[in-house]
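The values are calculated or read from the model by the stated rules, or taken from the named source; none is laboratory data. It should be emphasised that the depicted structure is a prediction, and the values quoted were computed from it without experimental measurement. Neighbour counts are summed over all protein chains in view; Cβ atoms, including those assigned to glycine, are modelled from backbone coordinates with ideal geometry. Only protein heavy atoms, including side chains, enter the accessible area calculation; ligands, DNA and RNA are left aside. Shrake-Rupley method; radii C 1.70, N 1.55, O 1.52, S 1.80 Å.
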Amino acid sequence: IKLFNISRGEPHASAPIHTFNIPADDVRGDHVTVATAVVRDCILVNIVSDPRPVSQSHAVDWREGLVSKGRIDNDGNINSPCFETLAEDKMMFFRLDWNAIEIGTRRQLGDLDLGHDAESFSLPAISHGAFVGTLTSAMEAWSWTLPDWESAPATEHAPGRIPFHTPPENRLITFNATYFDAHCLTFVIPCTNLLALMKHDFSAVDTYDDDPHIPWEEWGPRYAHVVDTDSIFYGKAVGQRWFFADDEGIGFRDFHPFRVSQAARWFGRAPNGCTVKAVWGPVTVMPREGCLEEDIVSALPYMEIRLPIPLDDLQSTMGIAVDDERLVHVFDKEIEGDKVQRWMNIYLL
């Protein structure tokens, strides 16, 4: 790991050591993958090798210049390198062989070992003989460091103080599951729901010694939203909105409870030709097909808005970028024969 100041390309001034060597002596295999996350002064590193299933976890205190070795698994259970930091002391791992996620509390900041309260939650059941090919995070690199709005200098476009901001724990967590038949599902779950699972009492739920996980039916329909992403070529979560693009256009699903409650006021008079719909009750978001044993039902409320983008502009999409306030759509248009002109439309949300 090397630490640089991005704007200057120089070693980071706050780090006493700019290069860290991560020990991975036990990791062997033709394919080694690494995932990282920044939690304040700590860089968490997860290393997984394949085909010999060994995973190692390390923590780097970049301000103190220390590297500590944490969790080591040789049983192949944590054979997806991706993980999510739900809070400063809460983490979620992907258990590929179990078709499940594991959530637990880290014993200390510089350690990836989960405490005794770690609990695993099954994903939708798949037929006998089927398997999950990949479980990967759909999140971009993310840090628990918030901007210092108080001390930042005020400018015309960026005031020194802002009245509101979205707490990190309110964001959406997204991850993809690809099954042996190449079918892909995206799971969209509010981070607060995943944290709530740690407090929920599942003692009355029947589990078995050979499958000691909380069944999907006990938690998934209430806490999670599932999307069939085979026909979606773009998907990204920003705050409490999940943006997507498919053959029918570009839109987003908003899971903010207040905005969902106010969705009815847009019915029949959506601005600028947008279409709006809201879903409050349990709906079948994915029918039983392929390796899925049952229909996937979700009761998580959301509001969906689709933007009025012409089909020709959609088919010539060159890029999409989103943040909390706007969506930028970049596309090409043919002009005067074989000449191409690049356009950019900005939609304020």
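Could you compute the net charge surrounding GLU294? Neighbours are other residues with a C-beta less than 13 Å from the C-beta of GLU294; K and R count +1, D and E count -1.
Result for the neighbourhood of GLU294: -3.
Just the number, please: carbon plus sulfur as a percent of the accessible area of the stretch 289-349, 1.4 Å probe, no ligands or DNA/RNA counted.
Numbers: 1850 of 3670 Å².
Carbon and sulfur atoms account for 50 percent of the accessible area of the stretch 289-349.
For the residue pair ASP89 and ALA196, what label-to-label distance in nm results when each label sits 7 Å from Cα along the Cα-to-beta-carbon direction?
According to this spin-label approximation, the distance is 2.2 nm.
State in Å² the accessible area per residue of the stretch 271-349; use a 1.4 Å probe, count heavy atoms of protein chains only, and round to the nearest integer.
Dividing the accessible area of the stretch 271-349 by its residue count gives 62 Å².
LYS2: which lysines have alpha carbons under 27 Å from its alpha carbon, excluding same-chain residues fewer than 8 sequence positions away?
Qualifying lysines at Cα under 27 Å: LYS69, LYS90.
Which FRET efficiency value, to the nearest 0.05, is calculated for ASP246 and VAL34 with the Förster distance at 25 angstrom and r the Cβ-Cβ distance?
0.20
With unit charges on the beta carbons (Lys and Arg positive, Asp and Glu negative) and the dipole taken about the Cα centre of the stretch 300-339, which residue among LEU307, PHE331, ILE320 sits farthest to the positive side?
It is LEU307.
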